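Below: the structure, in structure tokens.
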Amino acid sequence: MIKTQFYTKINTKNGFRGAQLKTWDYFNFINSHPKFEAKIKFHQSSEWSDDVTWEKKQVLRGGELFERPDLLVLKGGQDWLLFKKQFNYSDIPIISPIVNYRVLNEDHPSNQLLELAAVRVCPNSDLKNKLIHYPKTKGQVVCIPHGVNLPSKLIPINHKNIDLLIIALKNKKLGRQVFDYYKTFGKNVVFIDNYISHQEFMHKISVSKVSLHLPQPAETFYIPGLESLSMGVITIMPDCLGNIDYVKKIEGGFLCGYNFDEIINKTNWILNLPLDQLDVFSQQAFLQSKAFSIEKERLQWHELLEQVFNLQK
């Protein structure tokens, strides 16, 4: 078995974040490969809440560490920087998921990590291309888009009771402006601008006909938009780096400019469509999202592991 060591710090101050949830996915991808065994070590100041996917006792006791791993999986930011302070495994191969564009900022501490050899995994093609052409980057760069758990069946659109769900955690001011515009329209409009549990978040998405997302202009992969589409929700988002690799490939996903007027124009057009047209978009979004399943992401990780270690299938 190829011993694979993870290391991470969990901070729940602002809720259990998508990047932390992806560590859970990566861990399970690797443990599901028949030739790999993974353990995870948590930083001593890691926190636990009901939303954390790891067991409480595992997080608070620090997790487990191989005496001598064969492979390290370290996210290319805080996790790797903290790991370097405690451990010196300079001769062990590293796979490093990149979860933020700030790695390209020379003033950010994570930028120095690019000079260390690793196989870097990016969730979008734009970041992959930037890293490949960045002078400091040492090692292979691959793109594996994030996947989502797909529902087994679609809730019919006429059974959904939220007409418009506005998701504005990353742009609260603009989200509030849009909500204030629509709250007198006689439709059921729900506004999310603070952290809620992932379970509650997914439930609200599942019972929405239309969702409006306001992601950051630059982030590696905006997972909630894909989660929304996978549940057959007609999804409106400003064009941004976090959705470039999926929204244009899925009918039922609509892009607009990142300003109030263009968001309102696009949302009004969608909300005024007849229910049968919304149903067509809903079905298309549900079916086409299968190209971005968590299972496909898992298989791509297995292919990468086999390539790194020259394993024969």
Worksheet item: Relative to the present Cα-Cα distance, how much length would full extension add between Asp107 and Glu295 at 0.36 nm per residue of separation?
Response: 64.0 nm
Worksheet item: So, in nm, how far is label Lys35 from label Ile264 when the simple model puts each one 7 Å beyond its Cα toward the Cβ?
Response: 5.9
Worksheet item: Share of the chain's accessible area from carbon and sulfur, percent, 1.4 Å?
Response: 49
Discussion item. Can you compute the charge dipole magnitude of segment 228-299 about its Cα centre, using +1 on each Lys and Arg Cβ and -1 on each Asp and Glu Cβ, nothing else charged? Give it in debye, rounded to the nearest 20.
Written reply: 220
Item to complete: Decide, for segment 69-124, between rounded, prolate and oblate: order the square roots of the alpha carbon gyration tensor eigenvalues as a ≥ b ≥ c, take rounded if a/c falls under 1.5, and otherwise choose prolate if a/b is larger than b/c, else oblate.
Response: oblate
Practice prompt. If a/c stays under 1.5 just call it rounded; otherwise compare a/b with b/c (prolate if a/b is bigger, oblate if not). Do that for segment 20-146, with a ≥ b ≥ c from the square roots of the Cα gyration tensor eigenvalues.
Written response: prolate
Worksheet item: Between Lys138 and Leu116, how many nm apart are label points set 7 Å from Cα along the C-beta direction?
Response: 1.0
Discussion item. Which one, Ile192, Leu114, Phe260, projects farthest toward the positive side of the charge dipole computed for the chain from Cβ point charges (K/R +1, D/E -1)?
Written reply: Leu114
Worksheet, complete the sentence: Zone reached by a paramagnetic label modelled 7 Å from Gln216 Cα along Cα→Cβ, restricted to segment 230-261 with backbone N below 18 Å, covers 238-245, 258
Worksheet, complete the sentence: Residue separation between Glu47 and Ile92 times 0.36 nm, minus their alpha-carbon distance, gives in nm 13.4 nm
Worksheet, complete the sentence: Summing +1 per Lys or Arg and -1 per Asp or Glu among the other residues with Cβ less than 9 Å from Phe309's Cβ gives -1
Item to complete: Using the Kirkwood radius over Cα pairs, work out the Stokes-Einstein diffusion coefficient for the chain at 10 °C and 1.306 mPa s, in µm²/s as a whole number.
Response: 77
Practice prompt. Calculate, for segment 196-262, the solvent-accessible area per residue in square angstrom, rolling a 1.4 angstrom probe over the heavy atoms of the protein chains.
Written response: 33
Worksheet entry | Which of Met202, Ala38, Ala168, positive extreme of dipole for the chain (C-beta unit charges) | Ala38
Item to complete: Return the percentage of antiparallel bridges among DSSP beta bridges fully within the chain, rounded to the nearest 5 %.
Response: 5
Item to complete: Assign one of three labels to segment 76-223, namely rounded, prolate or oblate, based on the Cα gyration tensor with a ≥ b ≥ c the square roots of its eigenvalues; rounded applies when a/c is under 1.5, prolate when it is not and a/b is larger than b/c, and oblate otherwise.
Response: prolate
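The values are calculated or read from the model by the stated rules, or taken from the named source; none is laboratory data. Worth saying up front: this structure is predicted, and the values here are computed from it rather than measured. Cβ coordinates were reconstructed from backbone atoms using ideal geometry, including for glycine residues, and neighbour counts include every protein chain displayed. Heavy atoms of the whole protein, side chains included, go into the accessibility calculation; ligands, DNA and RNA do not. Shrake-Rupley method; radii C 1.70, N 1.55, O 1.52, S 1.80 Å.
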